[in-house]
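K.L.:
Please read through the structure below; I'll follow up with questions.
Values in this text are rule-based calculations from the coordinates and carry no lab data. The shown structure was predicted, so the numbers you read here are calculated from the model rather than taken from an experiment. Don't worry about glycine lacking a Cβ; one is built from the backbone with ideal geometry, like all the others, and counts go over all protein chains shown.
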Amino acid sequence: MKRFYFNLFTTLFVLLSSPYIILADFLVEKIEDHGNDSNRMVLVIMGDGYTSLELDDYHQDVKLIIDEIFNASPWAEYKNFINVYRIDVVSNESGADHPSSNIYVDTTLDATYDTYGISRLLTVDDAKALDYASLVPTFDAVMVIVNDPQYGGSGGATMVLSNHEKSGRIALHEAGHLIGGLADEYETPYPGYPEGDSEPNVTYQTGIEYIPWKNWIESGTPLPTSETGGDFEVGIYEGARYRSTGIYRPTYNSIMRSLSAPYGPINSEAVVLSLYNYVDPIDDYTPDLNNVFLSSEYSVLKFNVDLVNSSNDDIGIGWEIDGLIKENEISENLTLDVSTLKKGNHNVKVLVADYTSLVRHDPQALLVSSRTWNFNKEYEVGAISGTIVNVINNQGIEGALVETEGGEYSTISEANGSFRLTSVSEGIYSIIVSSDQYTTDIKDTIEVRDGEDANVTISLEPLFNTYSISGYIIGDLKEGVVNLKKGEEIILTSEIKTDGSYSFKGMGNDSYTVYPNIDESELTPLYHEVTVTDDDLTDINFKVQAALCPAEVALEEESSPINLLRNFRNTVLAKNDIGRKYTNLYYKHAAELTKLIIAHEEIRTGVIELILDMMPDINLLLEGEEVILSPEVEEELEALIDSLESNASARLKKSLNMVRKDIKNNEMLQKLGVVTP
């Protein structure tokens, strides 16, 4: 290898001005950076058989291969676990050795086909490759791309592949070896290869209790498994690891057997577990575990974890304080009010777990990580909290000054009237509440104890004239409420009485929005915008419109099916959440559905045919029997959805798309008493 000597000035200039690492003669560039190398699987890629004039080709080859890897499961889901460096290794000549054809070329890593007499077994000098990989001190795995179009590759201390047109698939296969620890699943003999079944995707065992992937085998699966159950049905299929008998693989096909296939469940699990050997799902955290600073001047402690794969919906986060789970605390941050703790030693623990469906067996708990902070509370304080409300309507009062007598502790009430005084020393206190628009009040003898929260509600009388807003909901009344908004915030809610009336009291001069919230009803108007000006507002009324029924419009005079559908709605659908959801959706879109039925004959015909064909099933459901969803009815429903979608609004299309997914969901259908054949 030719060496270059730089004077001190040139060396310093290059090191300080270049964005890349330059060691030996080769350029090193980090091309995938997903975080600190110390908590990532670090893959180093280098080429062999690329001359200095072919480095652009090499860069393109690397990009194509990396793109294919990160677009394939499970690598796609765990892309953030991997950093990738590219080293530009330059060779004197292009290609690789082909001893069987008496072709030899001068390459830096001595790439050669025909290893052990196997034409496609492409290898390099691993010692040299690992030596160059050490230019990235944190490397974990090495991939070598050989500039030769003939199919070939190998997996050992390094993974080697040619730049054949299937190089991306070869890379996925070889990564399964090197990173996932997987065996080949094909049966082509490999003379001299040692016996064994230590890899996670092969076994000699046929008894279910001894099969490494038993958690993936469905009950009733024959063992050994025939080859007719589908490529990716998990069982034990005879033939793997260069032998046709006596050893078994988990699926009929996978990328470890055929390049065109995906990994399959067992191999994907192995890759994910291997990645977790390199990566802790908690990337960073604050504060330092041994430096939790607690002072009587500060009432809260803030804890935070940064996750490697924070965008993954399968990641679960839980927090514990002194061994007790904090319900609903599932984010990466926890704010702890020290006032809620007793004097003494305490700990906060965060638990992070990956609940991915790609892993069913994690004996080493690799997918789980935790951190624990220990600290000591050396002083005795508690808290006073509560709500400041308008005595007339119980509405929270914003901006009231809440303070202990003498002013040692004070705060301002929030928009909903809530307040909290923290780090209050033990003792007996009087609370004074004052506001420009309300009377001042004093709440005496509030006792504060260490680690406890004294809760109080304080009612103030308004100093301004107050008025009411009232009206009626007229028509066929359903259960519901009427909300009063100020700006975008709901400030009061009124139950609707049996006579349809509602009212709000204690309102000051201001502008408000009144709007009812009544299920399965369409109101006119939808809301009223009102302004209170020195007087009560009455007769703010709403009229319930008769609910449109698209099915009734379609069937016209056919009363028998309509009565059956109503009975089905009121008995079967009303019994569970799924039924109620679809009833609400039906009436939500009733007006648009009715218009489409009237305007489009094919939609009207589709609705009629579907209802009539479903009547026998509906009768069975009314009798409490299970119904098998016939392919004919499913096809009619799909065809009707297609017709509706081609004419529907974006709002209706969204609901139709949800229906399309739900009819494929066996669990959802079973809740309605429907089973699929």
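K.L.:
Projecting each Cα onto the charge dipole of the chain (Lys/Arg +1, Asp/Glu -1 at the beta carbon, about the Cα centre), which of ILE628, VAL124, LEU484 comes out farthest on the positive side?
P.N.:
Toward the positive end, the furthest listed residue is VAL124.
K.L.:
Per residue and in Å³, how big is the convex hull formed by the alpha-carbon atoms of segment 272-391?
P.N.:
Given the Cα convex hull of segment 272-391, per-residue volume reads 154 Å³.
K.L.:
Below 8 Å between Cα atoms, with a sequence gap of 6+, how large is the relative contact order for segment 20-178 in percent?
P.N.:
Computed over segment 20-178, the figure is 25 percent.
K.L.:
I would also like to ask the following. Given N residues in segment 208-263, what is Rg(Cα) / (2.2 N^0.38 Å)?
P.N.:
Cα-based Rg divided by the globular estimate yields 1.07.
K.L.:
Still on this structure, please answer the following. Let me know the shape class of segment 38-181, please: from the alpha-carbon gyration tensor, a ≥ b ≥ c as square roots of the eigenvalues, rounded when a/c is under 1.5, otherwise prolate if a/b is greater than b/c, or oblate.
P.N.:
The shape class here is prolate.
K.L.:
LYS377: which aspartates and glutamates have alpha carbons under 18 Å from its alpha carbon, excluding same-chain residues fewer than 8 sequence positions away?
P.N.:
Once the sequence-local aspartates and glutamates are set aside, what remains near LYS377 is ASP288, GLU297, GLU320, ASP322, ASP337, GLU426, ASP450, GLU452, ASP453.
K.L.:
Just the number, please: Stokes-Einstein D of segment 550-675 in µm²/s, Kirkwood Rh from C-alpha pairs, 10 °C, 1.306 mPa s.
P.N.:
Reported coefficient: 106 µm²/s.
K.L.:
For SER73 and ASN465, compute 0.36 nm times the residue count separating them, minus their Cα-Cα distance, and round to one decimal in nm.
P.N.:
Result: 134.4 nm gained on full extension.
K.L.:
Additional query: Would you work out which of VAL105, ASN83, ILE145 lies farthest towards the positive end of the dipole of segment 61-188? Charges go on Cβ: Lys and Arg +1, Asp and Glu -1.
P.N.:
Of VAL105, ASN83, ILE145, it is ASN83.
K.L.:
If you don't mind, there's one more thing I want to ask. Determine the principal axes of the Cα atoms in segment 170-250, then give the extent along each, sorted from largest to smallest and rounded to whole angstroms.
P.N.:
Each principal axis gives a Cα extent; for segment 170-250 these are 35, 24, 23 Å.
K.L.:
While we're on this one: Classify segment 251-299 as rounded, prolate or oblate, taking a ≥ b ≥ c as the square roots of the eigenvalues of its Cα gyration tensor: rounded when a/c is under 1.5, otherwise prolate if a/b is larger than b/c and oblate if not.
P.N.:
The shape class here is prolate.
K.L.:
Subtract the Cα-Cα distance of GLU332 and SER630 from 0.36 nm times their separation in residues, and report this length gain in nm to one decimal.
P.N.:
So the extension gain works out to 102.6 nm.
K.L.:
Please compute the contact order of segment 467-545 in relative form: average sequence separation of alpha-carbon pairs under 8 Å and at least six residues apart, divided by the residue count, as a percent.
P.N.:
For segment 467-545, the relative contact order is 42 percent.
K.L.:
ALA127 to ASP106: FRET efficiency via 1/(1 + (r/R0)^6), r the Cβ-Cβ distance, R0 25 Å, to the nearest 0.05?
P.N.:
With R0 = 25 Å, the Cβ-Cβ based efficiency is 0.90.
K.L.:
Under 8 Å for C-alpha pairs, at least 6 residues apart: give me the relative contact order for the chain, rounded to a whole percent.
P.N.:
Value for the chain: 6 percent.
K.L.:
In segment 472-550, what GluC sites (Glu not before Pro) fall in a loop by DSSP, with at most 13 other Cβ atoms inside 10 Å?
P.N.:
When the GluC sites (Glu not before Pro) of segment 472-550 are filtered for loop state and at most 13 Cβ neighbours within 10 Å, GLU479, GLU488 remain.
K.L.:
Going Cα to Cα from LYS30, which lysines come in below 25 Å? Please leave out same-chain ones fewer than 8 positions away.
P.N.:
Partners found: LYS2, LYS63, LYS79, LYS128, LYS166.
K.L.:
Using the Kirkwood radius over Cα pairs, work out the Stokes-Einstein diffusion coefficient for the chain at 4 °C and 1.567 mPa s, in µm²/s as a whole number.
P.N.:
40
K.L.:
Rounded to the nearest 500 deg cm²/dmol, what is the calculated helix-only ellipticity per residue at 222 nm for the chain, with -39500 (n - 2.57) per DSSP H run of length n ≥ 4?
P.N.:
-7000 deg cm²/dmol
K.L.:
When you have a sec, figure out the Kirkwood radius of segment 226-343 from all distinct Cα pair distances and drop it here in Å to one decimal?
P.N.:
18.8
K.L.:
Additional query: Find how much the distance from SER434 to ASN665 grows on full extension, using 0.36 nm per residue of separation minus their present alpha carbon separation; answer in nm with one decimal.
P.N.:
77.4 nm
K.L.:
What are the residues whose amide H is under 5 Å from the amide H of TYR85, where those residues sit 5 or more places off or on another chain and H is modelled from the backbone?
P.N.:
Here ILE31, LEU43, VAL44, ILE45 satisfy the definition.
K.L.:
Only Lys, Arg, Asp and Glu count, each charged at its Cβ (+1, +1, -1, -1), so figure out the dipole size of the chain about its Cα centre, rounded to 20 debye.
P.N.:
400
K.L.:
Distance from the Cα centre of segment 170-208 to that of segment 595-660, in angstrom?
P.N.:
Answer, in whole Å: 50.
K.L.:
When we measure straight from the Cα of LYS588, which aspartates and glutamates land under 20 angstrom away, once same-chain ones fewer than 8 places off are left out?
P.N.:
ASP476, GLU479, ASP519, GLU520, GLU522, GLU552, ASP577, ASP642, GLU645, ASP662
K.L.:
Which three lengths, in whole Å and largest first, does segment 107-186 cover when its Cα atoms are put on their principal axes?
P.N.:
34, 29, 24
K.L.:
Taking the convex hull of the alpha carbon atoms in segment 381-460, what volume per residue do you get, in Å³?
P.N.:
73
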